[in-house]
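Asks: Below is a structure I'd like to ask you about.
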Amino acid sequence: MRFLILLLLFVRLPILAQESGDRSYWIDKYLSVSYPLHTITVTSPYGNRKDPFTGEKKLHGGLDLRAKNEEVMAMFDGVVKSIGSDDRSGHYVVFDHGEYTISYCHLSKIYVREGDEVYAGDVVALSGNTGRSTAPHLHITVRKDGKVTNPYTVLVYIKKVREESIKKLGGGAGKAVAAAKVDCKAFLARYATIAMSHQLRYGIPSSVTLAQLAYESGWGTSRLAVMGNNMFGIKCSKEWLAAGKPYSLHSDDKPNEKFCNYATVQESFEHHSQLLMGKRYARCRAYSSLDYHNWLVNIKRCGYATNPNYVQLCEKLIKQYKLWEYDRLALSKV
């Protein structure tokens with residue numbers, strides 16, 4: 001009876017709006033940018049001003065934000081171009097973000113090294129008062145294609161991206177995403193034990209399982225994940241339907257496609273692993289459980305996902321959250 005009620009409920013509730021793929025996109029969009037500080041207060045804007053040391057009017061080629069020994073975060077994904085220290089800028093770090101180069105100055109501590117990959121929201125330094133500075137603050141310099149530009153435009157862009165993402169996700173979801181960095185790490189840690197146990201049983205890298213889990217379920221927020229415990233976006237096979245197993249309708253590649261529903265999240269994990277153990281994904285199993293790249297490449301080649309950037313999206317999650325550490329941890333338990 002309970003199954004029949006659930007089945008009727010799901011069948012009568014077709015989802016015509018964006019589903020897990022779109023939710024994943026907007027969550028990833030939200031996480032693709034970050035303010036440099038938890039609280040933004042401009043103390044000295046970009047433009048002409050009276051130099052605090054000489055009293056002469058000159059261009060202030062950056063933006064100063066109020067900060068006293070506060071964590072400083074990367075605003076975008078990128079690479080640490082250089083770090084250093086001099087009498088003017090104090091301790092500084094320069095990031096390469098493609099067409100933008102962003103510098104943080106007057107730092108008290110720097111937590112990254114030259115060549116490190118960073119992701120939006122990563123803590124990269126601690127603000128300070130080093131160099132030519134009258135008080136603790138964070139100085140930001142932005143260059144677009146090599147030319148100095150107003151950093152405030154970057155802060156405005158970050159604000160717009162976050163507001164648009166929250167709007168697309170809905171007000172309630174937006175509030176949850178507001179603490180996304182902490183929530184994402186907690187989400188991955190919550191399911192890491194299951195992923196590692198499946199790595200030991202089936203050879204599937206834990207990192208791959210966790211990255212697919214996060215992407216396919218929109219970090220556990222998609223309606224398919226919430227209502228059907230389907231964390232991997234698995235569609236119903238003919239055998240699933242013939243056995244009378246539960247499903248719900250969701251719009252993905254086509255309107256109102258049938259997706260598997262599970263009694264528990266653990267069942268979803270098991271079905272996902274069994275799927276990758278099937279003949280269709282045989283080529284994946286030629287690779288080590290430490291080779292997450294080739295697992296993802298071949299999962300995509302075998303038709304698991306239609307998104308052309310699926311491998312890159314999953315690898316970004318693996319690198320950003322160091323999910324490869326779970327692959328090694330699982331093997332250490334053998």
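Asks: Mean residue ellipticity at 222 nm from the helices of the chain, using -39,500 (n - 2.57) per DSSP H segment of n ≥ 4 over the full residue count, to the nearest 500 deg cm²/dmol? Don't jump to the answer; show the numbers that get you there.
Replies: Details: 12 runs with 135 residues, N = 334.
After summing the helix terms and dividing by residue count, I get -12500 deg cm²/dmol.
Asks: Mind pulling the angle between the C-alpha long axis of helix 310-320 and the longest principal axis of the chain? Nearest 10 degrees, somewhere in 0 to 90.
Replies: 60 degrees
Asks: Residues with amide H under 5 Å of Ser237's amide H, sequence separation 5 or more or different chain, H placed in the peptide plane at 1.01 Å from N; which?
Replies: The list, which skips near neighbours in sequence, is empty: none.
Asks: Where the only charges are on Cβ atoms (+1 Lys, Arg; -1 Asp, Glu), what is the dipole of the chain about its Cα centre, to the nearest 20 debye?
Replies: Details: 45 positive and 32 negative charges, 107 e Å.
Computed charge dipole of the chain: roughly 520 debye.
Asks: Among Gln212, Gln320, Gln312, determine the one that fluctuates most according to a GNM of the chain built with springs between C-alpha atoms less than 10 Å apart.
Replies: Gln312
Asks: Return the sequence-ordered ³J(HN,Hα) values of the stretch 128-138 in whole Hz as given by the Karplus equation 6.51 cos²θ - 1.76 cosθ + 1.60 applied to θ = phi - 60°, using x for Gly and Pro.
Replies: x, 9, 7, x, 7, 9, 8, 6, x, 6, 10
Asks: Moving on. For the stretch 186-303, what's the relative contact order in percent, using C-alpha pairs closer than 8 Å and at least 6 residues apart?
Replies: Values: 145 pairs, mean separation 29.5, N = 118.
Relative contact order of the stretch 186-303: 25 percent.
Asks: For the chain, what is one quarter of the convex hull surface built on the Cα atoms, given in nm²? All intermediate terms of the calculation are to be shown ahead of the outcome.
Replies: Values: hull surface 77.7 nm².
Mean projected area of the Cα convex hull: 19.4 nm².
Asks: Same structure again: Excluding residues fewer than 8 places away in the same chain, name every one of the aspartates and glutamates whose C-alpha is closer than 16 Å to that of Lys168.
Replies: Glu19, Asp22, Asp28
Asks: Additional query: Leu59 versus Arg328, label points 7 Å from Cα toward the beta carbon: distance in nm?
Replies: Using points 7 Å along Cα→Cβ, the separation is 4.6 nm.
Asks: At a Cα cut-off below 12 Å, give the aspartates and glutamates reachable from Lys160, other chains included and same-chain residues fewer than 8 away excluded.
Replies: Reachable aspartates and glutamates: none.
Asks: Can you compute the modelled spin-label distance between Thr264 and Asp116, with each label point 7 Å from Cα toward Cβ, in nm?
Replies: Simple spin-label model gives 4.0 nm for this pair.
Asks: Would you kindly state how much longer the chain becomes between Asn294 and Lys159 on full extension, computed as 0.36 nm times their sequence separation minus their alpha carbon distance, in nm to one decimal?
Replies: On the way: separation 135, 0.36 × 135 = 48.60 nm, distance 3.67 nm.
44.9 nm is the gain from fully extending Asn294 to Lys159.
Asks: Now for a different question. For the Cα atoms of the chain, what angle does the longest principal axis make with the long axis of helix 20-31, in degrees from 0 to 90, nearest 10?
Replies: That helix lies at roughly 20 degrees to the long axis.
Asks: Could you sort out which of Lys258/Lys279; Lys185/Lys254; Lys245/Lys279; Lys167/Lys245; Lys109/Lys322 sit more than 30 Å apart by Cα distance in this structure?
Replies: With Cα atoms farther than 30 Å apart: Lys185/Lys254; Lys167/Lys245.
Asks: Let me ask you something else. Computed FRET efficiency, Cβ-Cβ of Asp253 and Lys50, R0 45 Å: what is it to the nearest 0.05? Display every interim value, and only then the final one.
Replies: On the way: r = 61 Å, r/R0 = 1.35.
The value I calculate is 0.15.
Asks: Which FRET efficiency, nearest 0.05, do Arg190 and Lys279 yield, Cβ-Cβ r, R0 41 Å? Could you put the intermediate results ahead of the total?
Replies: Details: r = 32 Å, r/R0 = 0.77.
Efficiency for this residue pair is about 0.80.
Asks: List, in order, the whole-Hz ³J(HN,Hα) value for each residue of the stretch 190-203 obtained from phi through the Karplus relation with A = 6.51, B = -1.76, C = 1.60 and θ = phi - 60°; use x for Gly and Pro.
Replies: Calculated HN-Hα couplings, in order: 4, 9, 4, 4, 5, 4, 5, 5, 6, 4, 5, 7, 10, x Hz.
Asks: If you don't mind, there's one more thing I want to ask. What is the extension gain from Lys238 to Asp87, computed as 0.36 nm multiplied by their sequence separation minus the C-alpha to C-alpha distance, in nm to one decimal?
Replies: Details: separation 151, 0.36 × 151 = 54.36 nm, distance 7.02 nm.
Extending this stretch completely gives an extra 47.3 nm.
Asks: I want to verify a result. In a Gaussian network model of the chain, Cα cutoff 10 Å, which of these has the top mean-square fluctuation: Asp252, Asp145, Asp28?
Replies: The residue that fluctuates most here is Asp145.
Asks: Would you kindly derive the ³J(HN,Hα) couplings of the stretch 328-334 from the backbone phi angles with the Karplus curve 6.51 cos²θ - 1.76 cosθ + 1.60 (θ = phi - 60°), listing them in order in whole Hz, with x for Gly and Pro?
Replies: 3J(HN,Hα) across the stretch 328-334, in whole Hz: 5, 4, 4, 5, 5, 8, 5.
Every number in this text was worked out from the coordinates using simple rules, so none of it is lab data. Since the structure is predicted, the reported quantities are computational estimates derived from the model, not experimental observations. Every residue, glycine among them, receives a Cβ derived from its backbone with ideal geometry; neighbour counts consider all protein chains shown.
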